[in-house]
Amino acid sequence: MAPTLGYWNIKGLAQQIRLLLKYCNVEFEDKVYDFGPGPDRYSENWLKDKFNLGLDFPNLPYYIDGDVKLTQSKAIMAYIAKKYGLFGKTPEEEVKVYFLMDEIADFNIDFIKIGYVATDDDNYQKMIKEYLSNLDSKLEKYEKYLSKNESGKWLLGENISCPDFNMYEVLDKHRFLKADVLDNFPTLNAYMANFENIPSIKEYMSSKEFIKWPLCGPMSKFGS
Ligand SMILES: N[C@@H](CCC(=O)N[C@@H](CS)C(=O)NCC(=O)O)C(=O)O
């Protein structure tokens, strides 16, 4: 039976998983839940499934592949990437994958949490202004990291690996905040184009099933 990825009907924490699965040509059910009313926005559909799927720690996203039933987005990425040889080819590379996954997760949360914690529009604008004033120095670090990579175009060098899917997604979300955010970073710009030109990714991105929007849940002031 085809594996199932369950998540809200948004990009959120699942989009990098969807991209990874598409890259690996995995046929899967992309089960999307609509948000419901109430402060946590849980919907009846999700609450009906939440405790009936055999998940040890019920949450979204989840991934069910036969007897393997997982939650926690990073663990799901690791499971798929290891299965398809995208988690580094040596112990050194594998450690780099962990280090990059955590680095990029921190980068993502620093950005995404603004929309969720801002108390009102003024507060959101203030926080985003401050965030943008520090953003170039952050992007510079990623630009440098990729530029020192003589052998290739991906985070590990020649071969694409798990954190590239997270990196693409977090940089893409920044382009929704400010379309020209990467303009001063030629290596990052080329990195994004390389990713979008991967045939299976290109096909997915132009398909009907590709979720273009929203990026975040309805309770966020950004991307919803
Ligand atoms: N650390 C978890 C966070 C999971 C999480 O916060 N999920 C949110 C959406 S991003 C949710 O709505 N979960 C459903 C629930 O708590 O019932 C991960 O990376 O997967």
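The values are calculated or read from the model by the stated rules, or taken from the named source; none is laboratory data. Predicted, not measured: the structure shown is a model, and the values here were computed from it. Here the Cβ positions follow ideal geometry from the backbone for every residue, glycine too, while neighbour counts run over all protein chains shown. These area figures cover heavy atoms from the full protein model, side chains too; ligands, DNA and RNA do not enter into them. Shrake-Rupley method; radii C 1.70, N 1.55, O 1.52, S 1.80 Å.
Values for this structure:
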| quantity | calculated |
| --- | --- |
| Residue check, Val95 without any contact (Cβ under 8 Å) to a residue 12 or more places away in the chain and within 28 Å of Asn159 (Cβ to Cβ) | yes |
| Condition check for Pro37: surrounded by 14 or more Cβ atoms within 10 Å (Cβ to Cβ), over 16 Å from the mean Cα position of the chain (by Cα), without any contact (Cβ under 8 Å) to a residue 24 or more places away in the chain and outside any helix (DSSP H, G or I) | no |
| Options Lys153, Lys178; residue that is assigned by TED's automatic domain parsing to the domain that holds Phe195 and more than 25 Å from Phe87 (Cβ to Cβ) | Lys178 |
| Yes/no for Lys69 being in a loop (DSSP other than H, G, I, E, B) and of a type in the set (Lys, Arg) | no |
| Failed item, numbered, when Ala193 is tested on (1) part of a helix (DSSP H, G or I); (2) within 23 Å of Glu27 (Cα to Cα); (3) small (Gly, Ala, Ser) | (2) |
| Search result, residues across region 80-95 that are buried (at least 19 other Cβ atoms within 10 Å of the Cβ) and either farther than 21 Å from Cys24 by Cβ or within 18 Å of the chain's Cα centre (by Cα) (or both) | Ile80, Ala81, Leu86, Phe87 |
| Residue check for Lys96: at pLDDT 95 or above, over 24 Å from Pro218 (Cα atoms), more than 15 Å from the ligand (Cβ to nearest atom) and not assigned by TED's automatic domain parsing to the domain that holds Gly157 | no |
| Residue in region 121-139 that is surrounded by the fewest Cβ atoms within 10 Å (Cβ to Cβ), counting only those that are farther than 17 Å from Ala105 by Cα and in contact (Cβ under 8 Å) with a residue 12 or more places away in the chain | Asp121 |
| Residue that is most open to solvent (accessible area, probe 1.4 Å) [pool: residues in region 140-167 that are more than 23 Å from Leu13 (Cβ to Cβ), acidic (Asp, Glu) and part of a helix (DSSP H, G or I)] | Glu140 |
| Hits in region 7-34 - residues which are aromatic (Phe, Trp, Tyr) and open to solvent by 20 Å² or more (accessible area, probe 1.4 Å) | Trp8, Tyr23, Phe28 |
| Flag if Lys74 is of a type in the set (Lys, Arg) and either buried (at least 18 other Cβ atoms within 10 Å of the Cβ) or part of a helix (DSSP H, G or I) (or both) | yes |
| Condition broken by Asp180, with the remaining ones in (1) assigned to a helix (DSSP H, G or I); (2) modelled with pLDDT of 95 or more satisfied | (1) |
| Of all residues in region 4-34 being assigned to a loop (DSSP other than H, G, I, E, B) and more than 16 Å from the ligand (Cβ to nearest atom), the one that is farthest from Lys208 (Cα to Cα) | Cys24 |
| Residues of region 35-83 classified as more than 9 Å from the ligand (Cβ to nearest atom), touching a helix residue (DSSP H, G or I) at 6+ places or on another chain (Cβ under 8 Å) and at pLDDT 95 or above, total | 8 |
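Every residue, every condition in (1) more than 29 Å from Pro39 (Cα to Cα); (2) over 15 Å from the mean Cα position of the chain (by Cα), yes or no:
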| site | (1), (2) |
| --- | --- |
| Ala78 | yes, no |
| Asn123 | no, yes |
| Ile128 | no, yes |
| Leu139 | yes, yes |
| Glu143 | yes, yes |
| Cys162 | yes, no |
| His174 | no, no |
